[in-house]
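Student: Sharing a structure, written as structure tokens. Questions coming.
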Amino acid sequence: MWNIPTPERLTKIPRLYETEDVPLKDKLIYLHFFIGGCDWYIAEYDGEDLFWGYAILNNDHDFAEWGYISFGELKEIKIQSWLEIDCELEEIWKVRKASEIERIRNTDE
């Protein structure tokens, strides 16, 4: 994985279920992982391996959804054995509400 989030950056993410009462459109997105036409937007973290957020696979917005995402599995993603998943740098990715991210379209409860 390129640009693995630092432990300090990971500690800023709310723990799983901490934002359970926050509407999807208002959930803050702390990390953005991407490769090819796939994006993972992270809103919560268990502190070990499990994220909760929004995933778009192969630019398929019809089947994009909120759910659990394994950090370990994200780290293992490679295309043709060399192109690895990336995480936007903290200087580039600014924490913001899901409704402010154009690619996140499913924010209705």
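Student: Output yes when any residue across the stretch 23-42 is over 16 Å from GLU88 (Cβ atoms), among the aliphatic types (A, V, I, L, M), part of a loop (DSSP other than H, G, I, E, B) and over 11 Å from the mean Cα position of the chain (by Cα), and no when none is.
Tutor: Within the stretch 23-42 (the criterion being over 16 Å from GLU88 (Cβ atoms), among the aliphatic types (A, V, I, L, M), part of a loop (DSSP other than H, G, I, E, B) and over 11 Å from the mean Cα position of the chain (by Cα)), the answer is no, since none of the residues qualifies.
Student: Okay, next question. Are there any pairs, at least 6 apart or on different chains, whose C-beta atoms fall under 9 Å, with the first in the stretch 80-109 and without any contact (Cβ under 8 Å) to a residue 40 or more places away in the chain and the second among the hydrophobic types (A, V, I, L, M, F, W, C) and outside any loop (DSSP other than H, G, I, E, B), and if so, which?
Tutor: GLU100/ILE29
Student: In addition: Just give me the residues in the stretch 47-93 being closer than 24 Å to VAL22 by Cβ, hydroxyl-bearing (Ser, Thr, Tyr) and at pLDDT below 95, in sequence order.
Tutor: none
Student: Just give me the residues in the stretch 60-76 being without any contact (Cβ under 8 Å) to a residue 60 or more places away in the chain and open to solvent by less than 60 Å² (accessible area, probe 1.4 Å), in sequence order.
Tutor: Answer for the stretch 60-76, where residues must be without any contact (Cβ under 8 Å) to a residue 60 or more places away in the chain and open to solvent by less than 60 Å² (accessible area, probe 1.4 Å): ASP60, HIS61, ALA64, TRP66, GLY67, ILE69, SER70, PHE71, GLY72.
Student: Pull up the stretch 6-46, narrow it to residues that are at pLDDT 95 or above and hydroxyl-bearing (Ser, Thr, Tyr), then point me to the one that is most open to solvent (accessible area, probe 1.4 Å).
Tutor: TYR17
The values are calculated or read from the model by the stated rules, or taken from the named source; none is laboratory data. All values derive from a computational prediction rather than experimental measurement. Cβ atoms come from the backbone with ideal geometry, glycine included; neighbour counts cover every protein chain shown. SASA here: full protein model, heavy atoms, side chains in, ligands and nucleic acids out. Shrake-Rupley method; radii C 1.70, N 1.55, O 1.52, S 1.80 Å.
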